[in-house]
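Peer 1: Input: one structure, supplied below.
The values are calculated or read from the model by the stated rules, or taken from the named source; none is laboratory data. Note that the coordinates shown come from a computational prediction; the quantities given were computed from them, not determined experimentally. Note that we place each Cβ from the backbone using ideal geometry, even for glycine, and neighbour counts take in every protein chain shown. Each accessible area value is taken on the protein alone, full model and side chains, heavy atoms only, with ligands, DNA and RNA left out. Shrake-Rupley method; radii C 1.70, N 1.55, O 1.52, S 1.80 Å.
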Amino acid sequence: MSRRARAHVDLGAVERNARRLRGCAAADVLLCAVVKADGYGHGAVAVARAALAGGARWLAVATADEAVALRRELPEPPILVLGALDEPDLARALGVGADVVAWTPEFVRCAEALAGNGGARLHVKVDTGMGRLGARSREEALALAELIDRVAGVRLCGVMTHFATADAGDAHFAAQLASFSAIAGVVRARHPGVLVHAANSAAVLRAPAAHFDMVRCGVALYGLDPFQRDPAAARLEPALELRSYVARVARVEPGEAVGYGARFRPSAPTWVATVPIGYADGVRRTTGGGVDVLIGGRRRPLAGTVSMDSLGVDAGSHGDVRAGDEVVLIGARGRERILAEELAARHGTINYEVLCALGSRVERVYER
Ligand SMILES: *Cc1c(COP(=O)(O)O)cnc(C)c1O
């Protein structure tokens, strides 16, 4: 097994995060584990199993193909496809018995035509302020629920929305919650048994009024903080470590250069470690920019511009870094740690993108 680019995923941490998130809500609230984008880069099937062991009852993905791949390994749990589906997508999603989201009468008719004898399971999606997908008004949403209830071959299983600012918990969030609560109340009264769901990780942690019947957790399941702070503050455990190794160490004199663009030129002699992981693996292309890695439990800054398949690290003047040493790009050693939240801040993005960027060349190694 190559040490070149490995993501070590602690499935025990995923299980504990799931249990913690489930426990944030009342005892009868269901946890749906969101494992889209290959489980936010962690590997969808493995994290789905861990989340189920931690008390999740539902799984959610974004695409039909993700639902098909998940169903191949997990025949039992309900799978909800959150994203938009064209007709071939819808046929594939229904083919594996996944629940899908609907917001137009045309889609309902299409599902009716495609549904086998089991019937298509639909959740009405309401756009209460995300401006992305869903019925645009209360009237539209209620009419759609009526239609689904009436049409044979389709079943009304849920009503849902998605928050734009659950992490901020601002007036926009309050307005979305109020408008969804009103709609969901009517749908529930007219169609008893319908599953009402809205909360993502941020809303699960900070807004009990948004929990309804089921909460949909992605980022926090992986021990990533939805507020971009230290996950420990929300009692979440980061599940993934990204590791590589030192392939070569070279002494670099002042005036010598390292990397594309020859951007790293030390002013004093130093040792530069070459690490065989690069932007094709999902390490953001940057030139220094305050990004560190851990070697021998110490922080060391990047040297030069990240290449497609490798990067340089300024290992300092002591000569204490050797070929073969472990390099931690995300993770903790001793008292030092590099969180996905730190990298995200350095790169002007969010922890979600740091993990989703991990490429298919990165080998996932599962531990407990
Ligand atoms: C991705 C997604 C989620 C999960 O969001 P997190 O912030 O990762 O918890 C929930 N609901 C919908 C509709 C999504 O697209």
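Peer 1: Gaussian network model of the chain, Cα springs within a sub-10 Å range: biggest mean-square fluctuation belongs to which of L221, L339, L240?
Peer 2: L339
Peer 1: Report the Stokes-Einstein translational diffusion coefficient (µm² s⁻¹, integer) for the range 240-338, Rh taken as the Kirkwood radius over Cα pairs, at 4 °C with viscosity 1.567 mPa s.
Peer 2: After rounding, the answer is 98 µm²/s.
Peer 1: Accessible area of the range 240-338 with a 1.4 Å probe: how many percent of it is carbon plus sulfur?
Peer 2: Result for the range 240-338: 47 percent of the exposed heavy-atom area is carbon or sulfur.
Peer 1: What are the ³J(HN,Hα) couplings of the range 349-361, residue after residue, when phi is run through the Karplus curve with 6.51, -1.76, 1.60 and θ = phi - 60°? Round to Hz, x for glycine and proline.
Peer 2: In residue order, the calculated couplings are 9, 10, 3, 3, 6, 4, 7, 5, 6, 4, x, 6, 6 Hz.
Peer 1: Let me ask something additional. Which of rounded, prolate or oblate describes the chain when judged by the alpha-carbon gyration tensor and an a/c cut-off of 1.5?
Peer 2: prolate
Peer 1: May I pose another question? Using amide H atoms built 1.01 Å from N in the peptide plane, name the residues 5+ places from L30, or on other chains, whose amide H lies under 5 Å from its own.
Peer 2: M214, V215
Peer 1: Quick one: net charge around S181, please, counting Lys, Arg +1 and Asp, Glu -1 for every other residue with C-beta under 12 Å from its C-beta.
Peer 2: My count for the surroundings of S181 gives +2.
Peer 1: In addition: Would you kindly find the accessible area of V45, with a 1.4 Å probe and non-protein molecules such as ligands, DNA and RNA excluded, rounding to the nearest 10 Å²?
Peer 2: 40
Peer 1: If you don't mind, there's one more thing I want to ask. Just G39, G54, G169 to compare: in a GNM of the chain, with alpha carbon springs under 10 Å, which one fluctuates most?
Peer 2: Result for the chain, Cα springs under 10 Å: G169 fluctuates most.
Peer 1: Still on this structure: A189 to V96: FRET efficiency via 1/(1 + (r/R0)^6), r the Cβ-Cβ distance, R0 45 Å, to the nearest 0.05?
Peer 2: For A189 and V96, the calculated efficiency is 0.90.
Peer 1: Give me, ordered by chain and number, the residues 5 or more places off V365 or on other chains with an amide H under 5 Å from its own placed amide H.
Peer 2: Correct list: A7, H8, V9.
Peer 1: Could you work out how much longer the chain between A209 and M308 gets when fully extended? Use 0.36 nm per residue separation minus the Cα distance between them, nm to one decimal.
Peer 2: 31.0 nm is the gain from fully extending A209 to M308.
Peer 1: Sticking with this structure for a sec: For the range 325-331, in order, what is each residue's ³J(HN,Hα) by Karplus, 6.51 cos²θ - 1.76 cosθ + 1.60 with θ = phi - 60°, in whole Hz (x at glycine and Pro)?
Peer 2: Working through the residues one at a time gives 4, 6, 10, 10, 8, 9, x Hz.
Peer 1: Related question: Normalised by the number of residues in the chain, what is the relative contact order in percent for Cα pairs under 8 Å and 6+ residues apart?
Peer 2: It rounds to 18 percent for the chain.
Peer 1: A follow-up question, please. Among G334, G289, G304, which one shows the highest mean-square fluctuation when the chain is modelled as a Gaussian network with alpha-carbon springs under 10 Å?
Peer 2: G334
Peer 1: A follow-up question, please. Can you work out ³J(HN,Hα) from phi for every residue in the range 211-220, in order, using Karplus 6.51 cos²θ - 1.76 cosθ + 1.60 and θ = phi - 60°, giving whole Hz and x for Gly and Pro?
Peer 2: 6, 6, 8, 8, 10, 10, 9, x, 3, 5
Peer 1: Another one. For the range 11-226, which whole percent of the accessible surface, found with a 1.4 angstrom probe, sits on carbon and sulfur atoms?
Peer 2: Percent of accessible area from carbon and sulfur atoms in the range 11-226: 53.
Peer 1: Another question about this same structure. Could you rank the peptides 124-130, 362-368 by their average count of other C-beta atoms within 10 Å per residue, with the highest value first? Provide the component values of the computation, followed by the final result.
Peer 2: Working: 124-130: 23.9, 362-368: 14.9.
So the order, starting with the most tightly packed, is 124-130, 362-368.
Peer 1: Further question: If we count every other residue with Cβ under 14 angstrom of G218's Cβ, Lys/Arg +1 and Asp/Glu -1, where does the sum land?
Peer 2: On the way: positive: K36, R216; negative: D38, E66, D167, D225, E353.
Result for the local shell: -3.
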